[in-house]
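Enquirer: Pasting a structure here, questions to come.
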Amino acid sequence: MNENFKLYSQYYDLLYQDKNYILETNYVIGLIETYRPKSKTILELGAGTGKHAFLLANKGYTVLGIERSEDMIAIANQKKNANVSFEIADITKFNLNQTFDVATSLFHVISYLTDNESLLQTFKNVHQHLNKDGLFIFDVWHSPAVYHQIPEKRTKVLQNGTIEVIRKADPVIYSEKNVVEVNYDIAITNLTNKSTNTIVEKHPMRHFSKPEIELLAYATGFNLLGTEEFLTGSIPSTNTWGVCYILQKI
Ligand SMILES: C[S@@+](CC[C@H](N)C(=O)[O-])C[C@H]1O[C@@H](n2cnc3c(N)ncnc32)[C@H](O)[C@@H]1O
């Protein structure tokens, strides 16, 4: 494993150290048990480093994760479980020749699809890869909250004894596209030799309103079963950044 990659994986783990993957996975399992209790197989879109995938497998599901980032998949493949596998693929154009009971896409992956064409293609792909009555569960940024709270410049400083990370986020709002482009400037310092590496990342994120998702679902062969605040299950409001949608294949 090269030094840059080690740095990247440490940075990723540090950045999301407070994210409660166990709670999130149990929340998703609760939705599956409510809406399609006999489900056994899960396709995870944008699986990242595979944390949800392994937790879902520990609860008895068989999971295939697809992800476009080789770095993320390399981290995911460091762990082993016979019921989890990963493939490098783009969620807007994949063909796996198999179907699943449930598709999940967690932590705003669908918000990374900023144009209508990619969204339609992805939803149609998911539809093709689902069994009868299959579920599509995903969380996205919520337009009413974005316009109410207005994203601002932020700096996050993190340390783990080995590295220090300073991440500056500078958002640019494109209101005519429902997109916020978040520009990250990340400085990672090795605390032993004091050398610093910098990473510049651009994350264009689309936000959605409920009628938009309803229309997208209708256009691609899904019924909208549920719309709720991710994790709490509350009714989405102008203070709800992440909204979870539960769709079912018609
Ligand atoms: C915020 S991360 C979430 C990762 C993981 N789901 C989690 O909860 O930790 C978003 C992920 O979506 C992936 N992604 C974004 N667009 C994608 C696409 N078109 N195809 C495949 N993966 C994509 C990124 O590479 C990244 O790993």
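The values are calculated or read from the model by the stated rules, or taken from the named source; none is laboratory data. These numbers come from a predicted model, not from an experiment. Glycine gets a Cβ as well: all are built from the backbone with ideal geometry, and neighbour counts include every protein chain shown. For accessibility, only protein heavy atoms count, side chains too; no ligands or nucleic acids. Shrake-Rupley method; radii C 1.70, N 1.55, O 1.52, S 1.80 Å.
Enquirer: Using θ = phi - 60° and the Karplus form 6.51 cos²θ - 1.76 cosθ + 1.60, what ³J(HN,Hα) does each residue of region 101-109 get, whole Hz, x for Gly and Pro?
Expert: Karplus values, whole Hz, x for Gly and Pro: 7, 9, 10, 10, 8, 10, 6, 6, 4.
Enquirer: While we're looking at this one, here's another question. With label points built 7 Å along Cα→Cβ from the Cα atoms of Gln128 and Ala219, find their separation and express it in nm.
Expert: About 1.8 nm separates the two model spin labels.
Enquirer: Keeping every protein chain present and rolling a 1.4 Å probe, give me the accessible area per residue for region 145-205 in Å².
Expert: 61
Enquirer: As a test of the formula, what do you get for the chain when each DSSP H run with n ≥ 4 contributes -39,500 (n - 2.57) and the sum is divided by the residue count, at 222 nm and rounded to the nearest 500 deg cm²/dmol?
Expert: So the helix-based figure for the chain works out to -8500 deg cm²/dmol.
Enquirer: How long is the gain from Thr192 to Asp115 if the chain were fully straight, where each residue apart is worth 0.36 nm and the alpha carbon distance is subtracted?
Expert: Gain on extension, Thr192 to Asp115, equals 23.4 nm.
Enquirer: If you rank Lys79, Lys19, Lys59 by how much accessible surface each has, with a 1.4 Å probe, what is the order from largest down?
Expert: Lys59, Lys79, Lys19
Enquirer: Between Ser209 and Gln149, how many nm apart are label points set 7 Å from Cα along the C-beta direction?
Expert: 1.9
Enquirer: Ratio of alpha-carbon Rg to the 2.2 N^0.38 Å globular estimate for region 145-205, to two decimals, please.
Expert: The reported ratio for this selection is 1.38.
Enquirer: So if R0 is 35 Å, what FRET efficiency would Asn160 and Glu181 give, r being the distance between their Cβ atoms, rounded to the nearest 0.05?
Expert: 0.75
Enquirer: Under 15 Å from the Cβ of Pro236, count the other residues' Cβ atoms, weight Lys and Arg +1, Asp and Glu -1, and hand me the total.
Expert: Net charge in that neighbourhood comes out at -4.
Enquirer: Separate question: Through the Karplus equation 6.51 cos²θ - 1.76 cosθ + 1.60, θ set to phi - 60°, convert the phi angles of region 65-78 into ³J(HN,Hα) values in whole Hz; use x for Gly and Pro.
Expert: x, 10, 7, 8, 8, 5, 4, 5, 5, 4, 5, 4, 6, 6
Enquirer: Treating the angle as unsigned and between 0 and 90°, give the value, to the nearest 10°, between the Cα long axis of helix 21-35 and the longest Cα principal axis of the chain.
Expert: Tilt relative to the chain: about 10 degrees.
Enquirer: In percent, how large is the relative contact order of region 100-250, given Cα pairs closer than 8 Å and 6 or more residues apart?
Expert: Once divided by the residue count of region 100-250, the mean separation gives 28 percent.
Enquirer: Right, something else. Compute, for region 145-205, the length of the dipole vector about the Cα centre, with Cβ point charges of +1 (Lys, Arg) and -1 (Asp, Glu) only. Units Debye, rounded to 20.
Expert: With Lys and Arg at +1 and Asp and Glu at -1, about 140 debye.
Enquirer: To continue, here is another question. Where the centroid of each part is defined by its Cα atoms, how far is region 57-78 from region 131-146 in Å?
Expert: 20
Enquirer: What's the extension gain from Gln78 to Asp90 if we count 0.36 nm per residue and subtract their Cα-Cα distance?
Expert: Here the segment from Gln78 to Asp90 would lengthen by 2.2 nm.
Enquirer: Can you work out the FRET efficiency for the pair Tyr174 and Arg68, with r the C-beta to C-beta distance and R0 = 25 Å, to the nearest 0.05?
Expert: 0.65
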